[in-house]
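Heads up: the structure comes next, in structure tokens.
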Amino acid sequence: MSRRGYLAGTAFVVLACGSPTTIPNGLVGDWGGVGARIEASPSRMQVTLRCLVAELAPLTRDDPSGAFESEGKVSLASWSGVVGWPARIEGEISGSRIQFRLQMQNSEGLWTTGDRVYEVHAGTPPDFISEGGSCIV
């Protein structure tokens, strides 16, 4: 192989392997895990947790570490009073895995703690059964 061919091949491998946290055109796809699902398109991101759905702004960029955040509103919940509350997601993307927490701002303007960290994986269906319980929506 010529030196030119070798360098071109090396450049291709480096570019193809790039950073797994880069989102050049936004986060698009489906991710699922225990108690959580993320559905993302260029125009919106929907986060479904057991008993709650939040509609959020799409992720159009992130930082090199994979950290991200987005804001929106709770669109559906199994308990009254929270629909329409502001919501925000904070997390980190690493390859095909997303770890995140969802927070809501209550009627007094305080953000919930969002202590639970969810983990979802690309192409994996969500699992809302193993958490038990039921929701009335």
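The values are calculated or read from the model by the stated rules, or taken from the named source; none is laboratory data. Please read all numbers here as calculations on a predicted model, not as lab measurements. Here the Cβ is made from the backbone with ideal geometry for all residues, glycine too, and neighbour counts use every protein chain on show.
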Open item on the list: Please pick out the residue among 70, 75 that is within 22 Å of residue 131 (Cα to Cα), of a type in the set (Gly, Ala, Ser) and at pLDDT 90 or above.
Closed with: 75
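So which residues in segment 34-47 are buried (at least 18 other Cβ atoms within 10 Å of the Cβ) and part of a strand (DSSP E or B), if there are any at all?
Residues of segment 34-47 that are buried (at least 18 other Cβ atoms within 10 Å of the Cβ), as a first pass: 35-38, 40, 45, 47.
Correct list: 36, 37, 38, 40, 45, 47.
Test residue 52 against the stated conditions and say whether it is surrounded by fewer than 18 Cβ atoms within 10 Å (Cβ to Cβ) and closer than 23 Å to residue 109 by Cα. Spell out the reasoning first.
Working: surrounded by fewer than 18 Cβ atoms within 10 Å (Cβ to Cβ): no; closer than 23 Å to residue 109 by Cα: yes.
The answer is no for residue 52.
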Task: Candidate set from segment 78-128 (those that are at pLDDT 90 or above and among the aromatic types (Phe, Trp, Tyr)); member that is surrounded by the fewest Cβ atoms within 10 Å (Cβ to Cβ) - done: 85
TODO: Output the qualifying pairs, or none if there are none: Cβ atoms under 9 angstrom, residues six or more apart or on different chains, first residue in segment 89-116 and more than 19 Å from residue 56 (Cβ to Cβ), second residue among the aromatic types (Phe, Trp, Tyr) and not in a loop (DSSP other than H, G, I, E, B).
DONE: 96/31
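Per-residue answers, yes or no, for (1) under 15 Å from residue 39 (Cα atoms); (2) assigned to a strand (DSSP E or B); (3) not aromatic (Phe, Trp, Tyr):
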{"residue": "54", "(1), (2), (3)": "yes, yes, yes"}
{"residue": "58", "(1), (2), (3)": "yes, no, yes"}
{"residue": "68", "(1), (2), (3)": "no, yes, no"}
{"residue": "75", "(1), (2), (3)": "yes, yes, yes"}
{"residue": "89", "(1), (2), (3)": "yes, yes, yes"}
{"residue": "102", "(1), (2), (3)": "yes, yes, yes"}
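Output the residues belonging to segment 77-86 that are touching a residue at least 40 places away in the same chain (Cβ under 8 Å) and assigned to a strand (DSSP E or B).
Passing the criteria: only 77.
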